[in-house]
1. Of the residues in region 483-536, how many are within 28 Å of GLY433 (Cα to Cα) and among the β-branched types (Val, Ile, Thr)?
2. Could you please let me know if GLU127 is in contact with a Pro (Cβ under 6 Å, 6 or more places away or on another chain) and under 26 Å from PHE278 (Cα atoms)?
3. Suppose the filter is surrounded by 14 or more Cβ atoms within 10 Å (Cβ to Cβ), away from the ligand (no atom under 13 Å from the Cβ) and assigned by TED's automatic domain parsing to the domain that holds ARG450; does ASN419 pass it?
4. Is it true that some residue in region 439-448 is within 13 Å of the ligand (Cβ to nearest atom) and either acidic (Asp, Glu) or in contact with an Asp or Glu (Cβ under 8 Å, 6 or more places away or on another chain) (or both)?
5. Looking only at region 397-427, count how many residues are out of contact with any Phe, Trp or Tyr (no Cβ under 7 Å at 6 or more places or on another chain) and within 19 Å of ILE298 (Cα to Cα).
6. Conditions: (1) in contact (Cβ under 8 Å) with a residue 60 or more places away in the chain; (2) away from the ligand (no atom under 13 Å from the Cβ); (3) not aromatic (Phe, Trp, Tyr). ALA484 meets all but one. Number of the miss?
7. Let me confirm something: among ILE132, ILE155, ILE172, which residue is in a loop (DSSP other than H, G, I, E, B), under 24 Å from SER267 (Cβ atoms) and in contact with a helix residue (DSSP H, G or I) (Cβ under 9 Å, 6 or more places away or on another chain)?
8. Is it the case that some residue within region 141-153 is within 25 Å of the chain's Cα centre (by Cα) and either outside the structural domain of ILE16 (by TED's automatic domain parsing) or β-branched (Val, Ile, Thr) (or both)?
Amino acid sequence: MTDLIQYTTRGAVGLITLANPPVNAFSAAVRAGVLEALEGIMADDALTAAVITGSGKLFSGGADIREFNTPAGMQSPNLPELIEKTEAFPKPVVAALHGTAVGGALELSMACHYRVAAAGTRLGLPEVTLGIVPGAGGTQRMPRLVGAEAALDLIVGGRPIKAEEALELGLIDEVVESDVVDAAVALAEKVAAEGGPPRRTSELEDRVTADRERPEIFEEYRKKMARKARGLESPYACVECIEAAVNKPFAEGLAFERETFVRCVESAQSKALQHAFFAERESGKVPGVTKDTATRPIERAAVIGGGTMGAGITMCFANAGIPVSIIEVAQDGLDRAMKTIEGTYAGSVNRGRMSQDAMDACMSLITPSLGYDAVADVDLVVEAVFEDMSLKKEIFGKLDEICAEGAILATNTSTLDINEIASSTARPESVVGLHFFSPANVMRLLEIVRGEATSPETLATAMRIGKTLRKQGVVVGVRNGFVANGMMLPYIRESEFLVEEGATPEQVDRVIFEFGFPMGPFQTMDMAGLDVGWRIRQAAAATRPESERYSPVADRICEMGRMGLKTKAGWYLYEEGSRTPVPDPEIAAMIEAASAEQGIERREISDQEILVRCLYPLVNLGAGMLEEGVALRPSDIDVIWMHGFGFPRYQGGPMFWADQIGLGEVHRVMQELYEQHGELLQPTALLTQLAQEGRSFGDWSAE
Ligand SMILES: NC(=O)c1ccc[n+]([C@@H]2O[C@H](COP(=O)([O-])OP(=O)(O)OC[C@H]3O[C@@H](n4cnc5c(N)ncnc54)[C@H](O)[C@@H]3O)[C@@H](O)[C@H]2O)c1
């Protein structure tokens, strides 16, 4: 037998233990091992029952997703076959669950005749997040155990639950504080002694019979999920499967689930969502940092500057249970910062997203401070003062004098050179960028900026902090705007050129929204505030080449005092208390005048041209960043765009999306745009090379 399964007996009970670290995935060998062990128990008359459990920290993470769409994934017994045989097993089978039992592991557990879980065990069917439906009977057995409404919530929502809630719902039979295997063996002995046929989930009819009387629950659920599931296929496929569980005999429902699974697993969306999943994991791997790289424990932190970003970053630490000092230069600034923090927490409490106790606990971790004494004993400082190089250098000089040896000195700068900031200290190896996005307490993306001198230990610690703060960290190199904001530039620029050439802001925003972004570039700019970009453009004006195309429209909007949503007017108008953009004829007229003034003849612009003009240039620049080494891999760029700017996950991120179109086509269009519109759109060397060689970004990173 494979050593991925341990087999022993406890009295008259055969105990099968999954032993395939790290997550006891149901790979081909594990499936074969479980089946072989069950057959052994069947053949041994001295044994009356079986218990299946997992070794290490968890029961199992489910199917091995690396086997998806591979021959190994279908090798007999495949997971559905193993699960069928488990349920059909003539002797009682009990699942003993601890840690985590998700996906295929929960599907197998539901086919066991009884389920016992250790307190706190996490159970769930997260398949929907990978663009598929549970494909081994999960959508058919779950409604039979918990009813259709709870099944919709768990399967379509992909929401994991704890054993205690699972017990209440009827998903499991027992929760124990004691040893779960002992409890499962005892239960197995008891049901075996009682005799009679095992209780098979597929034969439980009460719940589905009751649900058959209420067909409206499915329509209601579809309406309720419409917003969250916009553009996605798998949530709707899950609803259909659960509907089939309620309305069809078990075998037919199972066949329907199988067909649906096969359709989903082959879909473009599922491939993109699987890519997204692996891209996030991959982003945690960085050259020079291994799991043996020493990290500094972060027991206390300080944030310098309590403005928009500083207040949000402070909350991130408090939310993670880390005591944090927030430092301002004057009392009124400090009071303002604390008021912002308190107000934000109070808002969460009012909306029922946080308890008063949790708010109090967070507030008690935050110490407002004037002056730098507080930084002397912290493990990490995040500087978030005005974007001014001389001010930042002065502050880092001071930190160098006061901070303990080995403390991490981080800056939240969006545009400044971290190497120059580090040069104002005698310990540039301890300096790193921690680039949060606004609002810092909400946005998941964290660019971790590696300077020339940043040590592996500093980088490893910064990456760990990202995890502790529940951020999606991505390591990037030093470059103006780093990766995220740097790539935003051509996206915004082309959207502005498009409106000068004949599109309207609402048309561009509609196309980008329909592609799957939460909103288009103009609405995004209005939300963020137009003054930020205005200031950056003014600062860059002196160095901009005369010949470079430049749209004056955004500047003119700012000159009119329209700074976006916060002033109720920007690219759009906003009614009092509303965030809904309303197209403004005054802006339309101003754009037309700008076109005329520049001798641009306005024309009809197709939706396809808008999509291509907004997105291909950013893919092109992404390729440039890979060449420069500022981004480590194409999938890192995908992660940045998904988490920083809402690039639709089911499109896989810009680089993956471009690979699906084919880089030959992307390059051909870029070349055409370059010839029409000039140097800002010149294809980068890497894009050109990959296109000529018929390769993809995926091929390039696999080298
Ligand atoms: N606003 C954003 O969307 C955003 C996003 C990412 C990064 N950033 C970066 O974060 C930093 C802060 O931006 P912000 O938007 O929070 O600015 P802000 O103007 O809202 O806040 C800056 C704060 O720093 C305080 N300050 C100034 N000098 C100080 C000193 N010597 N000691 C302590 N406090 C001092 C100011 O009183 C002010 O409260 C900048 O480097 C910016 O580039 C901003």
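The values are calculated or read from the model by the stated rules, or taken from the named source; none is laboratory data. Here the structure is a predicted model, which means the values were calculated and not measured. Virtual Cβ from ideal backbone geometry, glycine too; neighbours counted across all protein chains shown.
1. Total meeting the criteria: 5.
2. The answer is yes for GLU127.
3. Yes, satisfied.
4. yes
5. Total meeting the criteria: 11.
6. Only one criterion is unmet by ALA484, namely (2).
7. ILE132
8. no
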